[in-house]
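Student: Attaching a single structure in structure tokens format; questions to follow.
The values are calculated or read from the model by the stated rules, or taken from the named source; none is laboratory data. Just so we're clear, the structure is a prediction, and the values are computed from it rather than from any experiment. Every residue, glycine as well, gets a Cβ built from its backbone with ideal geometry; the counts of neighbours run over all protein chains shown. Protein only, heavy atoms only, side chains kept; ligands, DNA and RNA dropped before computing areas. Shrake-Rupley method; radii C 1.70, N 1.55, O 1.52, S 1.80 Å.
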Amino acid sequence: MKLNENERNALRVTVDYTNMTDKYLGKKGFSKKQLDGYEKAAKAAHAYVSENRGKDELFMGWTELPYNQDEIVADILKTAQHVRENFENFVVLGIGGSALGPTMAFNALCHLHYNDLPKEKRGGPRFFVEDNVDPVRMKELLDVLDVTKTCFNVISKSGATSETMTQYLIVADLLKKAGKDVKEHVIFTTDEKRGNLVKISNELGGVKSYVLPDGVGGRFSELCPVGLLPAAVLGIDIEKLLQGAAYMDELCKESDFRNNPALLCATLQIASMENGKNIGVMMPYSDNLRFVSDWYAQLWAESLGKNVTLKGKACNVGQTPVKALGVTDQHSQVQLYTEGPYDKVVTFLSVTNYKEKSPIPHGCENIPDVSFLGGHTMEELIQAENKATAYALTKAGRLNYTITLPEVNEFTLGQILYLFELQTAYAGAMLDIDTFNQPGVEAGKKATFALLGKPGYAEQKKELDQADSDPQYVI
Ligand code: PA5
């Protein structure tokens, strides 16, 4: 069911950038004239993204995901129902873009102790995302799983990522040893035609598979089957998620950055970088949104950290994303943000209506330092602390702005996902780099292949063997 205009307006995500300007920050903030100076670059970035949206060859197919997946969504909903009825556990095997999105959506939209709830309250299987090859983690996951009652969603565009394929080898072996038909326990999300998962599927005689579309890179994949299948298995309304994304797309049509939330955020970040703020802190005041920071960190870091422009000129650009959680990190990192170097810009993610209020009871009446809390709610407290931290940073001349979600639900999460993806595409265009490649990641992948003896990497293995630590520098 589509939301009507009033419902959409009531759930509209907003961006407040007052604390980026000279209004309260004086000379530490941007004047109107300074921001106006970015108008031309912002317009050019908007034009570039608008002209190239949907182009697979440029890896911009993700822009169309809110619109072109009706059949896929219907199929995913059927599969999800089957999984919910037949399995006790659902495990995502993937890394990077294949794991961070599913983790984020799970944490944002499900009960924070989902796996600990009884089955009737969960409604779906227990849920795990395994995005590492720490041997202890793998072994200890298997200690709490019965593989014969588990569905494994193997997500890899290339099917060549050592981490994911190692995990696949381990679970396939266990399933075989338990006398199970592997193909009944795995679902692949991968490239349509290329890659090893396609070959494995053929060998196993046809595994239920979803396509990671050509024009969609890992970190832009949460709104395709990479994220939609796990979300649907969890009972998340994936149609609402896509509707939220489409709504944000609609809000980002204008080329004037003051009327386009994603272009505004991109412009604020670029202006900050150019003014020496090379650290971008993402600080949600919501445990449900804490993994948005992890997902965003990959999106921002892997997309913008580049050493060559589109015109082939050497550069070293990008901004280091830092993850923080309100209020937890007020008691950890905020001291540094307030008084340390002027090298950061903080993005707050705020929530207007939390799904719980949690009233604070009266008590300790003889101790005014404690009793003043009674009669308020925890929602009031977290919001007060959010406002207080933004105020303190502003008083200290620190750039910060706030993205507010009226509540955390599918529609608002869809909006912020699309907002951050578009923001990244705009920022990449302003930096004149290839936002959608990741040669730095590929280099590490290849070196791992060489170290573990993959055919074709002998030369690199020799070089790596010679690159061992020099004992004179080891104490
Ligand atoms: O965003 C990206 O492209 C990467 O983080 C990939 O998602 C990650 O390296 C995993 O690659 P693959 O999907 O090929 O297994």
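Student: Order 38, 401, 48, most accessible first, counting only protein heavy atoms with a 1.4 angstrom probe.
Tutor: 48, 38, 401
Student: Quick one: P(r) of segment 39-82 from all Cα-Cα pairs, 10 Å bins, percents rounded to integers, in order of increasing distance.
Tutor: 24, 32, 25, 13, 5, 0
Student: Only Cα pairs under 8 Å and at least 6 apart count here; give the relative contact order of segment 1-77 as a rounded whole percent.
Tutor: Worked out over segment 1-77, it gives 11 percent.
Student: Which is farthest toward the positive dipole end of the chain among 440, 114, 415, measuring Cα position about the Cα centre, with Cβ charges +1 (Lys, Arg) and -1 (Asp, Glu)?
Tutor: Towards the positive end, the residue furthest out is 440.
Student: Roughly to the nearest percent, how much of the accessible area of segment 165-213 is carbon and sulfur, given a 1.4 Å probe?
Tutor: C and S fraction of accessible area: 51 percent.
Student: By per-residue mean of other Cβ atoms within 10 Å, what is the highest-first order of 422-428, 236-242, 374-380?
Tutor: Ranked by mean Cβ neighbours within 10 Å, highest first: 422-428, 236-242, 374-380.
Student: Something else: For segment 1-111, with equal point scatterers placed on the C-alpha atoms only and solvent neglected, what are the log10 I(q)/I(0) values from the Debye formula at q = 0.16, 0.20 1/Å, to two decimals?
Tutor: -1.20, -1.29
Student: Determine the relative contact order of the chain: mean sequence separation of Cα pairs under 8 Å and six or more apart, normalised by residue count, in whole percent.
Tutor: 22
Student: Under a 1.4 Å probe, what is the accessible area of segment 241-290 per residue, stated in Å²?
Tutor: 26
Student: Hey, another quick one. Among 44, 86, 59, whose Cα projects farthest towards the positive end of the dipole of segment 6-96, with charges put on the beta-carbon of Lys, Arg (+1) and Asp, Glu (-1)?
Tutor: The residue sitting most towards the positive pole is 44.
Student: Step by step: find N for segment 252-318, compute 2.2 N^0.38 Å, then divide the Cα radius of gyration by it. What's the final number?
Tutor: Working it through for segment 252-318, the quotient is 1.29.
Student: What accessible surface, in Å², does a 1.4 Å probe find on residue 454, ignoring ligands, DNA and RNA and rounding to the nearest 10?
Tutor: So the heavy atoms of residue 454 present about 80 Å² to solvent.
Student: Roughly how much of residue 267 is accessible, in Å² to the nearest 10, using a 1.4 Å probe?
Tutor: Looks like 0 Å² after rounding.
Student: Just to verify a number: FRET efficiency for residue 199 and residue 1, C-beta to C-beta distance, R0 = 35 Å, to 0.05?
Tutor: 0.30
Student: At what distance in angstrom do the alpha carbon centres of segment 269-339 and segment 53-68 lie from each other?
Tutor: 25
Student: Rounded to a whole number, what % of the accessible area of segment 56-149 do carbon and sulfur atoms account for, probe 1.4 Å?
Tutor: Within segment 56-149, the accessible surface is 52 percent carbon and sulfur.
Student: Give the residue list of trypsin sites (Lys or Arg not before Pro) in segment 326-421 that are DSSP loop and have at most 16 other beta-carbon atoms within 10 angstrom.
Tutor: Passing sites in segment 326-421 are 355, 357.
Student: Using a 1.4 angstrom probe on heavy atoms only, work out the carbon and sulfur share of the accessible area of segment 317-423 in %.
Tutor: Carbon-and-sulfur percentage of accessible area, whole number: 60.
Student: Right, another one. Using label points projected 7 Å from each Cα along Cα→Cβ, tell me how many nm separate residue 117 and residue 166, to one decimal.
Tutor: Those two pseudo-labels are separated by 3.4 nm.
Student: While we're on this one: Apply the a/c threshold of 1.5 to the C-alpha gyration tensor of segment 62-116 and tell me whether it is rounded, prolate or oblate.
Tutor: It is oblate, given that a/c is not under 1.5 and a/b is not larger than b/c.
Student: Would you list, by chain and number, the lysines whose Cα falls below 17 Å from the Cα of residue 183, excluding same-chain residues fewer than 8 positions away?
Tutor: 149, 199, 208
Student: Next up: About its Cα centre, how strong a charge dipole does segment 318-475 have in debye, to the nearest 20, once Lys and Arg get +1 and Asp and Glu get -1 at the Cβ?
Tutor: 140
Student: Related question: Could you compute how fast segment 49-184 diffuses translationally, taking Rh as the Kirkwood radius over C-alpha pairs and applying Stokes-Einstein at 4 °C with viscosity 1.567 mPa s? Give it in µm² per second.
Tutor: 77
Student: For segment 175-226, state which trypsin sites (Lys or Arg not before Pro) are in a DSSP loop and have at most 13 other beta carbons lying within 10 Å of their beta carbon.
Tutor: Qualifying residues, ordered by number: 193.
Student: How large is the charge dipole for the chain, taken about the Cα centre, if only the Cβ atoms of Lys, Arg (+1) and Asp, Glu (-1) carry charge, to the nearest 20 debye?
Tutor: Computed about the Cα centre, the dipole is about 580 debye.
Student: A further question on this structure: Cα extents of segment 319-475 along the three principal axes, largest first, in whole Å?
Tutor: Largest to smallest, the principal-axis extents are 74, 45, 32 Å.
Student: Mean 1/r over all different Cα pairs, inverted: what Kirkwood radius does the chain give, in Å?
Tutor: With all distinct Cα pairs of the chain included, I get 24.0 Å.
Student: Which residue, 76, 31, 125, has the largest displacement toward the positive end of the dipole of the chain when charges sit on each Cβ (Lys, Arg +1; Asp, Glu -1)?
Tutor: 31
Student: Can you give the charge dipole size of segment 118-207 about its Cα centre, rounded to the nearest 20 debye, using +1 on the beta carbon of Lys and Arg and -1 on the beta carbon of Asp and Glu?
Tutor: Its charge dipole is roughly 220 debye.
Student: Same structure again: Accessible area per residue, 1.4 Å probe, Å², for segment 1-74: what's the number?
Tutor: Normalised by residue count, the accessible surface of segment 1-74 is 64 Å².
Student: Here's another thing I want to ask about it. Could you work out the Kirkwood radius for segment 347-423, taking every pair of different alpha carbons, averaging 1/r and inverting it, reported in Å?
Tutor: 14.7
Student: Of all DSSP beta bridges in the chain, what percent run antiparallel (nearest 5)?
Tutor: 15
Student: Next up: Defining a contact as two alpha carbons under 8 Å apart and six or more residues distant in sequence, what relative contact order in percent does segment 132-260 show?
Tutor: 19
Student: I want to check the label-to-label distance for residue 387 and residue 56. Put each point 7 Å from Cα in the C-beta direction and report it in nm to one decimal.
Tutor: The two pseudo-label positions are separated by 5.1 nm.
Student: If you don't mind, there's one more thing I want to ask. Can you run the Rg to Rh ratio on segment 172-276? Use alpha carbon positions and the Kirkwood inverse-distance Rh.
Tutor: For segment 172-276, the value is 1.17.
Student: Loop only per DSSP, at most 14 neighbouring Cβ atoms within 10 Å: give me the trypsin sites (Lys or Arg not before Pro) in segment 247-284, ordered by residue number.
Tutor: 253
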